[in-house]
Amino acid sequence: MKIDRRSFLAAAGASIAPAFSQQGSIVEMGVEAGSVSQNKWTPIQFMDYLAKIGLQVAMVNVPREMQADPAALKAIREHADKLGLSLILSDGCICPSSSSFNPKFGTPEEQLTQTLEVARALRVKGLRVVVGGFKERPQIEMHAENTLKLVRSMRSRILDSGFKLAIENHGGDFQARELKALVEAGGRDVLGVTLDPGNSLWMMEDPHFTLELLGPYTEVWHLRDTAVWRVPEGVAVRWVNMGEGNVDIDNWVKKLLQMRPGLPVVFENLVSGQPRIIRVFDPATFQDFPKMPASELSRFLALAEKGKPVPAVPLPAGKTRGEQQCDDLEVCVRYTRELLKRI
């Protein structure tokens, strides 16, 4: 049974307590900082907000300039300890040939070394990184190989750090079988996956298929719901609040928690203003996906055929985008709390 979003909005002032599964075990819940980025909060302010709404995990973004400041890192860690929060580090691009890589902050080896030092200073329980986005898609095999070269050259240092680099199935770069191959080639002792079901749909994948392939490698995961439906041009994909999509997100969460018990639920709740249109009937779309099996595409199309349009809701008068992000996030937290009670 789906939980009506409106009923949760009516209860928006209710306190958010720790979540428990049906079996009575505590499931930690947290947020990736980008979910509330329109508020322009510092890491300290972001953590204060999470503590205020009763969450346990902060997935923080630490700007490169701040990463080089030991005092700033110490302040973040001490504040997290004061609030009783665990930390996950959401870092950037590790692929030297990616358009997302910024050489101004040093060589790939220097940047990855700094990332590992930051993770150690913050005593994080997970380390998310990315390879690229849509610009990398035409040459994704080359970028994967360049990432592997860096990981192999830094292998001993990564092992010594005690952290795995959890590469995200980022919107625009990897399909599931490609990321699985990358992790296996680099070694599961140094690489893992940051799994995001919303990004799967940007890559023409049923998120349940993505979970089947990448679930066993998952070290960090994001949670968001998605609506997907057919349009004349192809398929529309729009990220929505929990319970508003049609990808069976409830069962996806259940399967992930069974595969990887103990990992916290981390929301990356980015509600789309307008849907992304994927032109699945245009041959040009598949120039960048020459090895995609028809069986995978058919699962995606079958999902879209079942969907109905979910239009964006205009920003209410007098409300900032940051405030709306918080409202949306808190709706999703409440929905997921009730979901966990059932699974």
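If you filter the stretch 151-175 down to residues that are in contact (Cβ under 8 Å) with a residue 40 or more places away in the chain and small (Gly, Ala, Ser), you find that the one that is surrounded by the most Cβ atoms within 10 Å (Cβ to Cβ) is Ala166.
Remark: Val31 matches the filter, which requires a residue to be within 19 Å of the chain's Cα centre (by Cα), modelled with pLDDT of 90 or more, under 20 Å from Gln324 (Cβ atoms) and crowded, with 21+ Cβ neighbours inside 10 Å. Selection over the stretch 34-85 of residues that are among the aromatic types (Phe, Trp, Tyr) and either without any contact (Cβ under 8 Å) to a residue 12 or more places away in the chain or loosely packed, with under 15 Cβ neighbours inside 10 Å (or both) gives a count of 1. The residues in the stretch 64-95 that are outside any helix (DSSP H, G or I) and either acidic (Asp, Glu) or closer than 24 Å to Lys52 by Cα (or both) can be counted, and the count is 9. Scanning the stretch 86-101 for residues that are touching a residue at least 40 places away in the same chain (Cβ under 8 Å) and either among the hydrophobic types (A, V, I, L, M, F, W, C) or within 23 Å of Leu263 (Cα to Cα) (or both) turns up Ser86, Ile88, Ser90, Ile94, Cys95. Of all the numbered requirements in (1) touching a residue at least 60 places away in the same chain (Cβ under 8 Å); (2) out of contact with any strand residue (DSSP E or B) (no Cβ under 8 Å at 6 or more places or on another chain); (3) surrounded by fewer than 24 Cβ atoms within 10 Å (Cβ to Cβ), Glu205 misses one, and that requirement is (3). For the stretch 326-343, filtering for residues that are part of a helix (DSSP H, G or I), surrounded by fewer than 19 Cβ atoms within 10 Å (Cβ to Cβ) and in contact with an Asp or Glu (Cβ under 9 Å, 6 or more places away or on another chain) leaves 1. Filtered by the rule that a residue be within 23 Å of Glu205 (Cα to Cα), modelled with pLDDT of 95 or more, part of a loop (DSSP other than H, G, I, E, B) and not hydrophobic (A, V, I, L, M, F, W, C), the stretch 304-325 gives Gly307, Lys308, Pro309.
The values are calculated or read from the model by the stated rules, or taken from the named source; none is laboratory data. Source: prediction; values computed, not measured. No Cβ is skipped: glycine too gets one built from the backbone with ideal geometry, and neighbour counts run over all protein chains shown.
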